[in-house]
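**Q** What follows is a structure written as structure tokens; I'll ask about it next.
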Amino acid sequence: MEKRDLERLFKPRSIAVIGASRKKGKVGHDVLKNLLSSGFKGKIYPINPAVHKIFDLPVYKSVEDIKGKVDLAIFAIPSRAVPAALESCGRKGINSAIVISAGFKESGPEGAKLELELAEIIKKYKMNVLGPNCLGLINTFHSMNASFAVEIPRPGNIAFFSQSGALGTAILDWAVKESIGFSKFVSFGNKVDINEVDLLEALEDDPDTKVILGYIEDVKNGVKFLETAKRIALKKPIIITKSGGTKSGARAASSHTGSLAGSDKSFDACFKQSGVIRAKSIEDLFDFARAFSYQPLPAGNNIVVLTNAGGPGIMAADAVDNSKALTLSSVSKEAAENLRKCLPPGASVYNPVDILGDAGEERYEDAINILLKEKNVDGIITILTPQAMSEIKETAKVLGKAKKYKKPIFSCFMGGKVIEHGIKVLREERIPNYSFPERAVAAFSAMINYKNRLSMPEEKPVSYKVDKEKVKKIFQEAKDKKYNTLPEYLARDVLSVYGFKLPKSYLAATAEEAMAKAKELGFPVVMKIASPDVIHKSDVGGVKVGLKDETAVEQAFYEMTQKTKTIMPKAHILGVMVQEMIMQGKEVILGMAKDMQFGPLIMFGLGGVYVEVLKDVSFRIAPLNPTDASSMIKEINSYSLLIGVRGEDPVDIEAVKDGLLRLSQLVTDFPEIIELDINPMKVMPISKGGSFAVDVRITLEA
Ligand code: ADP
Ligand code: MG
């Protein structure tokens, strides 16, 4: 689809304010006042049928009374009056609008109806509309405050879009206090028309924007969002805070994957796969924003900690150790010698470099110059705790000067009142300051992770040759027989077509048949109840492993069928499955649950019957590429169990990866699959290689 042209929305040459008012405190008053006081250079037309003049501007009864062309209309009238006024904008040829008015979808069924009316009009006149129920828009580089927010940040390279208007005002206030510069500020409210994807695209090539920040509660189209964010994140960092409030993904799940999946899991996967930096809190959002806005990307992950206090230095070093992204760089012999020359004897010249409590500006300056010249230092965290001899303001200036090395510099001036004036200097010098070392390390890590992603080669999902027609037929058979959940023998056939290895297995209707099949397979065998109505076989005593001889098989047959009949009298029992017993290997789970926003969500984890208790699982959205598959395997907490502990043989990780990629292709090829569990898949030790899908369940859309 074509990218939308939002030029006239962001840079209008003329604006009509519908509902402009003389009364202080009314939105229509504040918006008009803000437009004027922000120094908007274009024409402004207040619209209000009851007034002649506001702020010395002539007032019009309707936009259709205006002679000249109008680029943008801002709505500050009651919701029920908006559709007619928007229609009138359409007739006038006004192409862009911001509907600040509330009282739409968020207010109940009547408001929702009004919002649908807006959608119709927007479609009819091909308009670009922001809102309704929003704060408005600020473009600092166009001297335009088209919002009712009083505070307007200084121009800068951060663009921010927010689904919540209230949060928007808080962020603007923060930006003003911290003197953070914004290029654009967009509050998009109910997104009747313009949504997060449109805004990402509008900011994609915006020369004024270096960093994109967002606060979202849901997305209109998950697949589109993932695709767009992935493209744009390669051009500029996108940092997003996402809060709950969506119902997606939560369906009544009959699979392990379904019960472990959920909206937050799918968003997390989406962010990982698209390269969006997820800020877990608003605090993170600010921390990361300042880092990316002020600093160049680090060339590598070696950092040095410079401090005037031992404790905070160790805290920083610990945080670096715990972050998987950073390492403490070693100080070269030459640098150590140079440091020794200018530092007192008690100082530590190794990383963390401790220049002691009585360090003044000069000691900081000398150390920084030596350290940032080092080849294997990619960035620095400078800690200052206020002590008697500290030269706080001057040290802040020293950091500003060190920007000439073009390496990221983070400061951690710790304290409150005493350091305030130093922090002010840091703000002016564009050095991101963090109250605690851990936060500086987190922001630095975010930069490194982003940088690493930029250098990752673009990958395509792997494509396996499979006989899709065969699977189509199997699904048809299931549909004909009205099975939503496929009986195991059919589900096994599906996996087999997609290249999974399965334990040999036979359906036996009688005990005699079961005994004969067991003999054919060779003992020991596994027996499982075969019934389309039994979902969790173990729960009804429907699984027996390690059956050693024919007598055991015969006995198990009667026991198993009897027990199932007692527990589930209505279950239709086809007989039992007699199955080859897989003796070796570790149990993992591979699964999929369809998410309403993002489609098939693939899960990986340590498998078996305890999976829902341990919850040690990871998620990605299909289709997966090989890196997605590898990273979801490595992400689980018990990954070390897979690569072997205490001299144990590692399992065949490649076989797991292959399984995930095949599963991804299967669920992408057949969107009618809504849930799928391979639990367990037994992965062989690397010496043997391969894997077996021991149990599989597939659920199709009803
Ligand atoms: P369900 O999950 O419906 O209870 P499974 O087929 O997964 O039934 O069997 C339960 C457990 O029995 C598995 O998690 C696995 O540990 C073991 N098991 C099942 N089939 C085999 C097999 N063919 N070889 C080895 N172990 C098996
Ligand atoms: Mg199972």
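**Q** Within 14 Å of ligand 1 (Cβ to nearest atom) and among the hydrophobic types (A, V, I, L, M, F, W, C): is that true of residue 511 in this structure?
**A** no
**Q** Take the residues in segment 536-567 that are in a loop (DSSP other than H, G, I, E, B) and open to solvent by less than 60 Å² (accessible area, probe 1.4 Å); name whichever of them is farthest from ligand 1 (Cβ to nearest atom).
**A** Filtering first and then ranking leaves 541.
**Q** List every residue pair whose Cβ atoms sit under 8 Å apart, with the two residues 6 or more apart in sequence or on different chains, where the first one lies in segment 423-437 and is among the hydrophobic types (A, V, I, L, M, F, W, C) and the second, anywhere, is part of a helix (DSSP H, G or I) and open to solvent by 50 Å² or more (accessible area, probe 1.4 Å).
**A** So the pair list comes out as 425/393; 425/397; 431/403; 436/315.
**Q** Of all residues in segment 122-168, which are assigned to a helix (DSSP H, G or I) and open to solvent by less than 10 Å² (accessible area, probe 1.4 Å)?
**A** Result: 168, single match.
**Q** When you scan segment 87-95, do you find a residue that is open to solvent by less than 30 Å² (accessible area, probe 1.4 Å), modelled with pLDDT of 95 or more, in the same structural domain as residue 166 (by TED's automatic domain parsing) and within 34 Å of the chain's Cα centre (by Cα), even just one?
**A** Looking for residues that are open to solvent by less than 30 Å² (accessible area, probe 1.4 Å), modelled with pLDDT of 95 or more, in the same structural domain as residue 166 (by TED's automatic domain parsing) and within 34 Å of the chain's Cα centre (by Cα), one finds none in segment 87-95, hence no.
**Q** Can I ask one more? Being outside any helix (DSSP H, G or I) and not basic (Lys, Arg) narrows it down to one of 232, 303, so name that one.
**A** Answer to the check: 303.
**Q** Which of the residues spanning segment 482-538 are within 42 Å of the chain's Cα centre (by Cα) and of a type in the set (Ser, Thr, Tyr)?
**A** Of the residues in segment 482-538, the ones within 42 Å of the chain's Cα centre (by Cα) are 482-505, 528-538.
Once the filter is applied, which keeps residues that are within 42 Å of the chain's Cα centre (by Cα) and of a type in the set (Ser, Thr, Tyr), segment 482-538 yields 483, 485, 489, 496, 498, 505, 531, 538.
**Q** Determine, yes or no, whether residue 678 is within 16 Å of ligand 2 (Cβ to nearest atom), open to solvent by less than 40 Å² (accessible area, probe 1.4 Å), out of contact with any helix residue (DSSP H, G or I) (no Cβ under 6 Å at 6 or more places or on another chain) and closer than 26 Å to residue 460 by Cβ.
**A** Spelling it out, residue 678 is indeed within 16 Å of ligand 2 (Cβ to nearest atom), open to solvent by less than 40 Å² (accessible area, probe 1.4 Å), out of contact with any helix residue (DSSP H, G or I) (no Cβ under 6 Å at 6 or more places or on another chain) and closer than 26 Å to residue 460 by Cβ.
**Q** Return the only residue of 502, 490, 495, 507 being open to solvent by 60 Å² or more (accessible area, probe 1.4 Å) and closer than 30 Å to residue 464 by Cα.
**A** 507
**Q** So, one more: Among the residues of segment 514-528 satisfying the criterion of being crowded, with 16+ Cβ neighbours inside 10 Å, among the hydrophobic types (A, V, I, L, M, F, W, C) and under 24 Å from residue 691 (Cβ atoms), which is nearest to ligand 1 (Cβ to nearest atom)?
**A** My answer is 526.
**Q** Here's a follow-up. Scan segment 610-626 residue by residue and report those that are open to solvent by 20 Å² or more (accessible area, probe 1.4 Å), β-branched (Val, Ile, Thr) and more than 17 Å from the chain's Cα centre (by Cα).
**A** Across segment 610-626, the qualifying residue is only 613.
**Q** With the structure loaded, tell me whether residue 533 is assigned to a helix (DSSP H, G or I) and open to solvent by 60 Å² or more (accessible area, probe 1.4 Å) or whether it fails that test.
**A** No.
**Q** Which residues, counting only those in segment 263-300, are part of a loop (DSSP other than H, G, I, E, B), at pLDDT 95 or above and open to solvent by 20 Å² or more (accessible area, probe 1.4 Å)?
**A** Hits for segment 263-300 are 296, 297, 299.
**Q** For segment 574-599, give me the residue count where each residue is away from ligand 1 (no atom under 13 Å from the Cβ), touching a helix residue (DSSP H, G or I) at 6+ places or on another chain (Cβ under 6 Å) and open to solvent by 20 Å² or more (accessible area, probe 1.4 Å).
**A** 1
**Q** Hey, another quick one. Please verify whether residue 691 is farther than 14 Å from residue 494 by Cβ, in contact with an Asp or Glu (Cβ under 6 Å, 6 or more places away or on another chain) and not assigned by TED's automatic domain parsing to the domain that holds residue 536, treating the condition exactly as stated. It would help to see each step written out before you state the result.
**A** Values: farther than 14 Å from residue 494 by Cβ: yes; in contact with an Asp or Glu (Cβ under 6 Å, 6 or more places away or on another chain): no; not assigned by TED's automatic domain parsing to the domain that holds residue 536: yes.
Answer is no for this residue.
**Q** Next question, about the same structure. Please go through (1) out of contact with any Leu (no Cβ under 8 Å at 6 or more places or on another chain); (2) surrounded by 11 or more Cβ atoms within 10 Å (Cβ to Cβ) for residue 454 and return the number of the only condition it doesn't satisfy.
**A** Unmet for residue 454, out of (1) out of contact with any Leu (no Cβ under 8 Å at 6 or more places or on another chain); (2) surrounded by 11 or more Cβ atoms within 10 Å (Cβ to Cβ): (1).
The values are calculated or read from the model by the stated rules, or taken from the named source; none is laboratory data. Values in this document were obtained by computation on a predicted structure and should not be read as measured data. Here Cβ is always computed from backbone atoms with ideal geometry, including for glycine, and neighbour counts include all displayed protein chains. What goes into the accessible areas is simple: the full protein's heavy atoms, side chains included, and nothing from ligands, DNA or RNA. Shrake-Rupley method; radii C 1.70, N 1.55, O 1.52, S 1.80 Å.
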